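These notes are about the structure you will find just below.
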């Protein structure tokens, strides 16, 4: 059982082109890549889309964390390949693996490069109510904490003689129960502690708020946005014309 895929949601502070982009541009990036991935069931366009992510990942110096997150999803990938190959086809199974990899990679870039404070500010700038923006930002902050706590629970269970690394799908599912029950209980306790801390600080008593930092869309953000919209337009055109190209490729 691997929790490495949760590394995809842990912010890494670096000084790169991707990190310095506006959070709204990176949110648009994740959304557009997800839309593009959902438009196709074919391997070739999904593979091209996946390859187009690699330069951005390298540009943000995120390859190691990104690769660990994909490696942590290998158990899910195996299940997808087995089930889809059994009931549909191997090519469809590989396409589904590529689709999930693209969506996970796009949101990995987003979460790895967006500071939680900047995320809240970007949501507020898009007219999202402060309470919702703060809640989403807070949940974003606690993902690495939950990952560390889950690993601690696994280590504690193993120290008591419980085998958490058994092979096989059935054993992997059985191993979830001694992990999830204490993890859910500790998460509920943490939620109550956070709620009490917010109430003690009169959270929500003032409707109008001021902010120490502000975010601004710059020239590089507009250029990146133009690239994303162009990419979306190209893949929409490919999706529309793909049936025609497939008919041409079939000999009469």
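The calculated P(r) of region 110-156, using every Cα pair and 5 Å bins from 0, goes 5, 22, 24, 17, 12, 9, 6, 3, 1 in percent. The shape of region 62-121 can be summarised by an equivalent ellipsoid whose semi-axes, obtained from the alpha carbon gyration tensor, come to 29, 11, 8 Å from longest to shortest. Per residue, the Cα convex hull of region 1-151 amounts to 116 Å³. If you take the square roots of the eigenvalues of the alpha-carbon gyration tensor of region 38-87 and sort them as a ≥ b ≥ c, do you get rounded (a/c under 1.5), prolate (a/b over b/c) or oblate? It comes out oblate by the Cα gyration axes. When each of the peptides 144-156, 110-122, 183-195, 216-228 is scored by the mean number of other C-beta atoms lying within 10 Å of its residues, the order from highest to lowest reads 110-122, 144-156, 216-228, 183-195.
Laboratory data are not the source of any read-out in this text; all were calculated from the coordinates shown. All of these numbers come straight from a predicted model, not from anything done at the bench. Cβ: placed from backbone, ideal geometry, glycine included. Neighbour counts: every protein chain shown.
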